[in-house]
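Structure first, commentary second.
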Amino acid sequence: MDDLQGRTFVVTGASSGLGRATVEALAARGGRVILAARSEERIRPVLDGIRTQHRSAAVEFLHLDLADLASVRRAADAFLGTGRPLDVLMNNAGVAGTRALSADGFDLTYAANHIGPFLLTQLLLPAIERAPQGRIVNVSSVAHMQVKAVDWTVLERRTEPRKSGFADYAVTKFMNVLHAKELARRLSTTRVTTYALHPGGVASNIWRALPGPVQWVLKLFLMSNEEGALTQIHCATAPELAGATGRYYVKSREERSNPLADDPALAAELWTRTERAIAPA
């Protein structure tokens, strides 16, 4: 299949899990795919595997550490320097169960799952707006449904790390949904559309900070990365979604997100507070 010929995709967290399954599928369909990740060493087998399967595949590595805002700026500058329009930005990378601070002093879970992707999206918007029908895809989670309120102190810099558990992960995934909805409102006069989604219970490495035995048991009950990637690929490529924006998808179908995410004032506040958090950097 070459139905994605001529279209360019940036996928974060492309070295493993959902990200790897996604870039392999997009490249197989003829898309130009930029694999954005922290480690070129870990990306190399992915690139080699794709090129072995598809000799004409247009795939390349982009160094990106979402938990380091300087790295985010460098990555965005590198892509913008190519002059290419960007058809799809897929904010796929994520972490959970961390106990660390980012390079900028934020809780690592919030830095990697929301703050870094927020800045990357803002910086790449000029390229996305130049595409015939640019799309921004935020990989969220059904975990966002559990959020009842947001403690905004989670977006403040810290001097000491704390353990980020499932509740923190859920809040970052709620932020992914809010971000997509606020982007849809702000980009309503453009050709750019936005999506948030739950990929399903996937045996990815999102919970790599958990003890090994816990990960092993958990993955016995989860679907494959290839199955999990189907919804984000659908949001990124389905022609029938060209007129849809700011919506939430599960199993490639639109579903209702957490009702709290329908509050435009809350989404606007997230935007303002995130901008304030990244301003010093």
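The values are calculated or read from the model by the stated rules, or taken from the named source; none is laboratory data. From a predicted model like this one, the values you see are computed outputs, not experimental measurements. Here the Cβ is made from the backbone with ideal geometry for all residues, glycine too, and neighbour counts use every protein chain on show. The area values use the complete protein model at the heavy-atom level, side chains included, leaving out ligands, DNA and RNA. Shrake-Rupley method; radii C 1.70, N 1.55, O 1.52, S 1.80 Å.
Distances longer than 23 Å among the Cα atoms of the stretch 107-206: what percent of all pairs is that?
Summing the P(r) of the stretch 107-206 above 23 Å gives 31 percent of all pairs.
Would you work out what percent of the accessible area of the chain, with all protein chains in place, is carbon or sulfur (probe 1.4 Å)?
Numbers: 6440 of 12120 Å².
Of all accessible area on the chain, carbon and sulfur atoms account for 53 percent.
Would you please classify the overall shape of the stretch 29-137 from the alpha carbon gyration tensor, given that a ≥ b ≥ c denote the square roots of the eigenvalues, rounded means a/c under 1.5, and beyond that prolate means a/b larger than b/c while oblate covers the rest?
Numbers: a/c = 2.10, a/b = 1.32, b/c = 1.60.
Cα axes put the stretch 29-137 in the oblate bin.
Once you place label points 7 Å from the Cα toward the Cβ at Glu60 and Ala103, how far apart are they in nm?
For Glu60 paired with Ala103, the spin-label model returns 2.1 nm.
Taking 0.36 nm per intervening residue step and subtracting the Cα-Cα distance, what contour gain separates Arg186 from Arg74 on full extension? Mind dumping the intermediate values first?
Numbers: separation 112, 0.36 × 112 = 40.32 nm, distance 2.48 nm.
Length gained between Arg186 and Arg74: 37.8 nm.
Ala244 to Arg273: extension gain in nm, 0.36 nm per residue of separation minus the Cα-Cα distance?
On the way: separation 29, 0.36 × 29 = 10.44 nm, distance 2.68 nm.
So the extension gain works out to 7.8 nm.
Just order 230-238, 173-181 by mean Cβ neighbour count inside 10 Å, highest at the front, would you?
Answer by packing, highest mean first, reads 173-181, 230-238.
Looking at the chain as a GNM with Cα springs under 10 Å, which of Ala100, Ala149, Ala244 has the largest mean-square fluctuation?
Ala149
Asp3 to Phe166: extension gain in nm, 0.36 nm per residue of separation minus the Cα-Cα distance? Before the final figure, lay out each step's value.
Values: separation 163, 0.36 × 163 = 58.68 nm, distance 3.85 nm.
Full-extension gain reported as 54.8 nm.
Using helices alone, what [θ] at 222 nm do you get for the chain, with -39,500 (n - 2.57) per DSSP H run of 4 or more residues, divided over all residues and rounded to the nearest 500?
-12500 deg cm²/dmol
Under a 1.4 angstrom probe, counting protein chains only, how are Lys163, Lys251 ranked by accessible area, largest first? All intermediate terms of the calculation are to be shown ahead of the outcome.
Working: Lys163 110, Lys251 160 Å².
From most exposed to least exposed: Lys251, Lys163.
Normalised by the residues of the chain, what does the relative contact order come to in percent, with Cα pairs under 8 Å and at least six apart?
Relative contact order of the chain: 19 percent.
Just want to confirm a number: the relative contact order over the stretch 63-126, from Cα pairs under 8 angstrom separated by 6+ residues, in percent. Intermediate values should be presented prior to the final figure.
Numbers: 63 pairs, mean separation 28.2, N = 64.
After rounding, I find 44 percent.
What's the magnitude of the charge dipole for the stretch 22-105 around its Cα centre, counting Lys and Arg as +1 and Asp and Glu as -1 at the beta-carbon? Answer in Debye, nearest 20. Write out the running numbers ahead of the final one.
Values: 11 positive and 10 negative charges, 40 e Å.
Rounded to the nearest 20 debye, it is 200 debye.
Show me the ranking of peptides 57-68, 35-46, 19-30 by mean Cβ neighbours inside 10 Å, starting with the highest. List each step's numbers first, then the result.
Numbers: 57-68: 20.2, 35-46: 18.5, 19-30: 23.5.
Packing proxy ranking, top to bottom: 19-30, 57-68, 35-46.
Given (1) 0.93; (2) 0.96; (3) 1.00, which label gives Rg/Rh (Cα atoms, Kirkwood Rh) as computed from the coordinates?
(1)
Give the percent of DSSP beta bridges with both residues in the chain that are antiparallel, rounded to the nearest 5.
Values: 4 of 31 bridges.
Taking every DSSP beta bridge within the chain, about 15 percent pair in antiparallel fashion.
Could you size up the charge dipole of the chain around its Cα centre, putting +1 on the beta carbon of Lys and Arg and -1 on that of Asp and Glu, and report it in debye to the nearest 20? Mind dumping the intermediate values first?
On the way: 33 positive and 28 negative charges, 19 e Å.
Here the size comes out at about 100 debye.
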